[in-house]
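Undergrad: Sending over a structure as structure tokens; questions will come in a sec.
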Amino acid sequence: MWYNDGMRIIECFRRNWLITNIIIVLGEIIIACLIWLSGDWFLAGSRETFGPLNSYIFIWLSIVIATVAAFNTVRASLIASKSLELSRATTRPFLNVVGGISVIWSRNDGSPTPVNYFVIHVGNTGIFPADHVSVVLNVSKTNSDNQKHLFVVEGEIPSICFPGEGINNLIFRETKEKEQLTLANQDKLKVIIEISYQNKLTHQFHKTIRSYLAQYVPTAQRAPTPLREGDYWD
């Protein structure tokens, strides 16, 4: 998200640097003229201090050149710094849910049913390997008190996910710590998937959160729909 803001800042500098330089030059010319024409009431002894007009013009020309040079030095430094940050932000791993998620109900005869398991696929669309990968899946019924039910993955998740590769067919089943989550016909579930991982090269930690809405309809297999307002990544 802030990547786009950074690109807009660089583009603004690129487009408006000439206008800014012109404003600086015109502003200093106006100040120089006011000081010269104002006489002693503005700056006592100004003409004696600055000497003849040609010397005065040379002094202000030096000031204008120095000011413009200083502004463009700062501008170049800011652009270089922002470009470095943007480069670091784009050269990283990025883990995300690939192809949506699947939910398997225990029964499909219309009677109340527990969720059997969820299946998700995770892919690395970045350009660096991701290390210390973990995936957590929390589920809550939308028509209840939103009590969360934790689903844990079967087996172990590979610690490293390389660019262009994926961790497929992750199966999540509900833990036995609480009363089993049971749904009646047309009940809806909010599913939140949290993917945490570390940049293998910079050791910086990142997180991706995806949200989905699943509905139990015994007569049809409906894929859970993404809830964009619940998405997050850093």
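Read the figures in this text as sums done on the coordinates, not as results from a lab. Computed from a predicted model, the values in this text were never measured in an experiment. Using ideal geometry, Cβ is built from the backbone for each residue, glycine included, and neighbour counts are taken over all protein chains shown.
Undergrad: Mean shadow of segment 92-172, computed from the convex hull of its alpha carbons, in nm²?
TA: 6.4 nm²
Undergrad: Just in segment 138-200: which GluC sites (Glu not before Pro) are loop by DSSP and have at most 16 other Cβ atoms within 10 Å?
TA: When the GluC sites (Glu not before Pro) of segment 138-200 are filtered for loop state and at most 16 Cβ neighbours within 10 Å, 154, 156, 165, 177, 179 remain.
Undergrad: Using only the alpha-carbon atoms of segment 95-233 as identical scatterers, what base-10 log of I(q)/I(0) does the Debye formula give at q = 0.08, 0.13, 0.20, 0.21 Å⁻¹?
TA: Here log10 of I(q) over I(0) equals -0.22, -0.56, -1.17, -1.27.
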